[in-house]
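These notes concern the structure reproduced below.
The values are calculated or read from the model by the stated rules, or taken from the named source; none is laboratory data. Here the structure is a predicted model, which is why all the values come from computation and not from measurement. Note that each Cβ is placed from the backbone with ideal geometry, even for glycine, and that neighbours are counted across all protein chains shown. All accessible areas refer to the heavy atoms of the entire protein, side chains included, with ligands and DNA or RNA removed. Shrake-Rupley method; radii C 1.70, N 1.55, O 1.52, S 1.80 Å.
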Amino acid sequence: MLERLRSTHGDEAAAAKKACLTALVRRSLRGARAVERLHEALCFLRAYPDDPELLALVTAMLARFERRPDLRRHRRALADTGIAGTAIRFPFFAGTARWLAARWGDRLTVDWKAFANREALERVFPLVSLWAETPGLDELDLGTRGWVKRLKGANETDAAFLVRRLATLGRGAFENEWAYEGLELPLVLAPGSGGPSRTHAAAEISAVSFQTVPLDASRPDVRRTVARPPLRVVTAPPAEGRRLLDLAREAMVMRQRDLDVFQWGDPHDVRLAHFPDGLTFVVIGAVPERRLLLESVYGFLTLKNGVPIGYVLVSALFGSSEIAYNVFETFRGGESGRIYGKVLATTRHLFGSDTFTIFPYQLGGYGNPEALASGAWWFYQKLGFVPRAPRVVALMNEELSRMKARPGYRSSVATLKALASENLYFHLGKERDDALGLLELPNVGLAVTDAVAKRFGSDRERAEAILIVEARGLLGRGSLSSWSSGERLAFRRWAPLVTILPGLERWTAAEKRRLAAVIRAKGGRRESDFVRLFDAHRKLRQALASLAKSAPA
């Protein structure tokens, strides 16, 4: 009954929900699935409460949820659900593994039964030990798990030891991650007080927006919705930025996921985009060393009354944005369309995008059966997104004809796979070809590779040193001493590209100064500033588009 009532609203519905909750507080549920269903209903009602009394009841039940006898009885069956009081298993990326070890290292262990790369780990032991330990490591066979037990401290877990020692491998963070993630170390985070869980996940908010009318399940008018920016966009102070970053990371961990931009988020580049009805996007940018060469990538954590209900990944450049939209399973089927419209409005406001791209994985391509089953392709098509590939356009028109002739017709899985094999696009203005998904940006990297290989061969270090000097000369930059470390890193990374930009020698001094400002913004506080400056530089856009459109040798 509670599940049937969760999306209904009004005084009678609220009273019925409270009666259900009052009964379920005392009721011992028989199976793990019933416990999980109750938990999901409570999480939904926390995000969409009818009134203060219902919210107080829901909050109290969630606060005590891990102490429920039925949860404890079914704890093992509920592993990996993210419910408080249950374990989480996943081979997390290196940055997330270190974050977990720093906060809850005493509860982090290795799932040895699931670990398949023991021989590879054994070969690493001498690299993370002292030379004086090598006589034993060379000659004695204690087994992988035995050696970890011998090497670690008495007060640290096997996983905490390995994560911390493996962090010393390589000359830098990227080499370290390559070494760590190649081992695919399966970690287990045991339950305990204060750890990540969906049960307690919520940001502090100043006021609750109560749901007094039915959820808006309609499809938005994209053009009208995009024209309505957030009520306000607020920069989070660094301390609050760190708390929100932790909330975003926890939202991934508790769902056995990992997202680079959350893993390497910058607490100095966190903003809150507020909309009516308690909807907020936590907009998170990456630290300078983790930014891509070209596109700007941001992650949005979607909050409803402070409760994480989904996340978004946005890449922006050339006045366009690629958007990957995710709603957590508990909150699907409600107002997903309305929230998606707000995602587009926020993206437009932050980056000035007038073209939006949906890549195949979001539609069900590249092995995403969940999106196929949900009919994601038609969700976007009905919003106005269209394919550009001729064969997909023809197939779409055939399917639309069948739907018109046979009410109730549904596309087969095979047809959905074929539809989802190419991008979808929405153009606010005139349709154009210089947008993400249409420009072959990998060709830009290939052009750099061809130029560097021709001049320097294997000596990439010499190439970098010389090309930095050449790029500074081309742009008239005598010194970068006034630039921050992130800005200097961006120049070092862009230098090889600067030296091959077509037509650069004919640019005016002002245009070259503006290019230097674009590069500086790539390593500045907000990467979104880079997008705005890049898109405003007509010559730079043309030059990169030319490289992207050129056929690689």
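Candidates are the residues of region 294-321 that are within 13 Å of the chain's Cα centre (by Cα) and open to solvent by 10 Å² or more (accessible area, probe 1.4 Å); the one that is nearest to Leu5 (Cα to Cα) is Tyr311. When each of Ala159, Ala97 is tested for being in a helix (DSSP H, G or I), under 30 Å from Leu247 (Cβ atoms) and touching a Ser or Thr at 6+ places or on another chain (Cβ under 6 Å), the lone residue that passes is Ala159. Only a single criterion out of (1) on the phi < 0 side of the Ramachandran plot; (2) over 21 Å from the mean Cα position of the chain (by Cα); (3) open to solvent by less than 70 Å² (accessible area, probe 1.4 Å); (4) at pLDDT below 95 is not satisfied by Pro196, namely (2). Cβ separations smaller than 6 Å between residues 6+ apart or across chains give no pair from region 177-199 residues that are assigned to a helix (DSSP H, G or I) to residues that are aliphatic (A, V, I, L, M) and open to solvent by 50 Å² or more (accessible area, probe 1.4 Å).
Criterion applied to Ala87, Ala47, Ala56, Ala14 was being loosely packed, with under 15 Cβ neighbours inside 10 Å and either under 19 Å from Thr330 (Cα atoms) or of a type in the set (A, V, I, L, M) (or both), and the one residue passing it is Ala56.
You will find that of Leu424, Leu419, Leu363, the residue that is at pLDDT 95 or above, in contact with a Phe, Trp or Tyr (Cβ under 7 Å, 6 or more places away or on another chain) and closer than 23 Å to Gly334 by Cα is Leu363 and no other.
For region 460-484, the set of residues classified as over 23 Å from Gly445 (Cβ atoms) and in contact (Cβ under 8 Å) with a residue 24 or more places away in the chain consists of Gly476, Arg477, Trp483, Ser484, listed by residue number. Reported count of residues in region 30-44, each being under 35 Å from the mean Cα position of the chain (by Cα) and farther than 21 Å from Phe331 by Cα, is 1. Of (1) surrounded by 21 or more Cβ atoms within 10 Å (Cβ to Cβ); (2) in a helix (DSSP H, G or I); (3) out of contact with any Asp or Glu (no Cβ under 8 Å at 6 or more places or on another chain); (4) not β-branched (Val, Ile, Thr), Met252 satisfies all except one. Which? Condition not satisfied by Met252: (3). A Cβ distance below 8 Å, combined with a sequence gap of six or more or placement on separate chains, defines the contacts here; from region 510-537, residues that are more than 18 Å from Ala495 (Cβ to Cβ) reach residues that are outside any helix (DSSP H, G or I) and of a type in the set (Ser, Thr, Tyr) in the pairs Glu527/Ser296; Glu527/Tyr298; Ser528/Ser296; Ser528/Tyr298; Val531/Ser296.
Tell me, yes or no, whether region 443-462 has at least one residue that is touching a Pro at 6+ places or on another chain (Cβ under 8 Å), open to solvent by 50 Å² or more (accessible area, probe 1.4 Å) and assigned to a helix (DSSP H, G or I).
Yes, region 443-462 contains a residue that is touching a Pro at 6+ places or on another chain (Cβ under 8 Å), open to solvent by 50 Å² or more (accessible area, probe 1.4 Å) and assigned to a helix (DSSP H, G or I).
It is to be established whether one or more residues within region 272-279 are touching a residue at least 60 places away in the same chain (Cβ under 8 Å), open to solvent by less than 30 Å² (accessible area, probe 1.4 Å) and closer than 15 Å to Val531 by Cβ. No, there is no match, as no residue in region 272-279 is touching a residue at least 60 places away in the same chain (Cβ under 8 Å), open to solvent by less than 30 Å² (accessible area, probe 1.4 Å) and closer than 15 Å to Val531 by Cβ.
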